Amino acid sequence: MLNIISRSIYNNEVRGPKKVVENLIMGLKKINYPFKINGDLNSCKRLWIHDDISALKKISDLDSKIKTIIGPNLFILQEDIPKNIDISKVVYIQPSTWSKDLWIKLGFNKCPMESWPVGIDTDKHTPSSEEKNIVLVYFKSRNKKDLEVVENILKNKNILYKVMIYGLYHHKDYIETLKHTRYIILIDKLESQGIAFEEAMAMNIPLLVWDYKNIDFIKNKIDNLDINVSSVPYFDKRCGLIIENGSELLDNIDKMEKIWNISFKPREYILENLSLEKQAKDFIKLYEKHYGLSYESGFSEIKLNDKVWRNAKWYYQIYFDIKNLVKKIFYILNIH
């Protein structure tokens with residue numbers, strides 16, 4: 001049995017951290033693996049602290065039989081970990097190899113670290129039979145001049161398109177748009193996983209990625225970082241095309257217009273590498289790898305107690321709602 005400690009699960013907005021916890025839960029259900037949400041920290045042998053920093057402060061006091069995995073939605077960099085938190089007895093997960101390698105290159109050695117991406121719901125996100133009459137331009141955190149370059153090309157070529165800016169759309173509108181999308185032009189900074197794009201790939205929609213290779217948020221921290229960073233860490237030639245320079249856009253948009261529906265199999269890639277079942281199994285097997293708690297034994301384990309962690313209490317959920325609203329307002333004000 002797995003005890004999941006998460007605040008994001010109560011967030012009304014569909015964002016990456018919420019997807020991580022919800023998709024793992026869907027995967028656990030598919031493999032019939034028992035779990036509880038925001039139980040007392042000592043209530044299960046397997047504890048996952050997904051995104052709650054306050055729970056980290058309690059791990060040094062846990063019963064020795066409780067084995068803990070933390071992350072990925074906790075800290076951007078290792079220096080963000082409060083000095084009064086001891087994580088020496090946990091396993092820290094990062095969503096991708098590059099994000100794990102970055103921490104290690106920056107000197108992280110406080111605990112074992114693994115890369116683990118959450119699975120994608122391929123039952124909900126399936127190919128659509130609707131007319132594919134638009135190109136979706138997905139923009140996130142880049143220079144708006146990059147967006148203008150793409151829009152100008154599409155306008156000059158009379159290609160019907162729609163722009164979606166991260167943080168300024170509802171998830172249901174995104175999914176509805178994908179049903180009519182031939183391919184996506186992705187203008188993004190670095191992604192440690194990129195769940196939204198993987199959902200599009202699950203719908204068999206290929207991507208034209210204007211990739212981002214700069215680790216600009218750690219400038220002056222280290223001289224040489226030989227790490228293969230990307231906007232799409234989970235991607236191969238079945239998923240679409242990748243370019244690194246704006247000068248390559250024109251030719252590659254022409255190419256995508258010709259081959260978007262004949263040369264790519266992005267859904268195949270997702271089913272092979274990021275299914276809900278596979279990633280749920282991979283997650284639970286981390287407890288076997290690092291703690292000797294076998295995958296099979298977890299199916300028959302029972303709760304050690306019926307108490308709950310404070311996240312499950314109604315007044316904390318109201319607090320989370322207010323906090324999330326403030327974050328959204330702050331984000332929108334900064335976008336404009």
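Laid out as a table, the results:
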read-out	value
From Lys19, Lys100, Lys29, residue being in a helix (DSSP H, G or I), of a type in the set (Lys, Arg), buried (at least 20 other Cβ atoms within 10 Å of the Cβ) and without any contact (Cβ under 8 Å) to a residue 40 or more places away in the chain	Lys100
Residue within segment 173-182 that is crowded, with 16+ Cβ neighbours inside 10 Å and in contact (Cβ under 8 Å) with a residue 60 or more places away in the chain present	yes
Positions within segment 234-247 being within 28 Å of the chain's Cα centre (by Cα) and without any contact (Cβ under 8 Å) to a residue 40 or more places away in the chain, in sequence order	Phe235, Asp236, Lys237, Arg238, Cys239, Leu241, Ile242, Ile243, Glu244, Asn245
Residues of segment 65-93 satisfying the condition of being aromatic (Phe, Trp, Tyr) and assigned to a strand (DSSP E or B)	Tyr92
Any hit, segment 124-133, residues being part of a strand (DSSP E or B) and at pLDDT 95 or above	no
Selection status of Lys145, over 19 Å from Val20 (Cα atoms) and either surrounded by fewer than 19 Cβ atoms within 10 Å (Cβ to Cβ) or out of contact with any helix residue (DSSP H, G or I) (no Cβ under 6 Å at 6 or more places or on another chain) (or both)	yes
Test set (1) under 18 Å from the mean Cα position of the chain (by Cα); (2) within 17 Å of Ile93 (Cβ to Cβ) - Asn11 fails condition number	(2)
From the options Asn204, Asn214, Asn228, Asn252, residue that is crowded, with 16+ Cβ neighbours inside 10 Å, polar (S, T, N, Q) and within 23 Å of the chain's Cα centre (by Cα)	Asn204
Where a residue in segment 304-323 is assigned by TED's automatic domain parsing to the domain that holds Leu41 and within 16 Å of Asn11 (Cβ to Cβ) and its partner, wherever it lies, is surrounded by 15 or more Cβ atoms within 10 Å (Cβ to Cβ) and of a type in the set (Ser, Thr, Tyr), with Cβ under 8 Å and at least six apart	Asn311/Ser6; Asn311/Tyr10; Gln317/Tyr10; Phe320/Tyr10; Asp321/Tyr10
Search result, residues across segment 103-122 that are touching a residue at least 60 places away in the same chain (Cβ under 8 Å) and out of contact with any Pro (no Cβ under 8 Å at 6 or more places or on another chain)	Lys105, Leu106, Pro112, Glu114, Gly119, Ile120, Asp121, Thr122
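The values are calculated or read from the model by the stated rules, or taken from the named source; none is laboratory data. Please read all numbers here as calculations on a predicted model, not as lab measurements. Backbone-built Cβ (ideal geometry, glycine too); neighbour counts: all protein chains shown.
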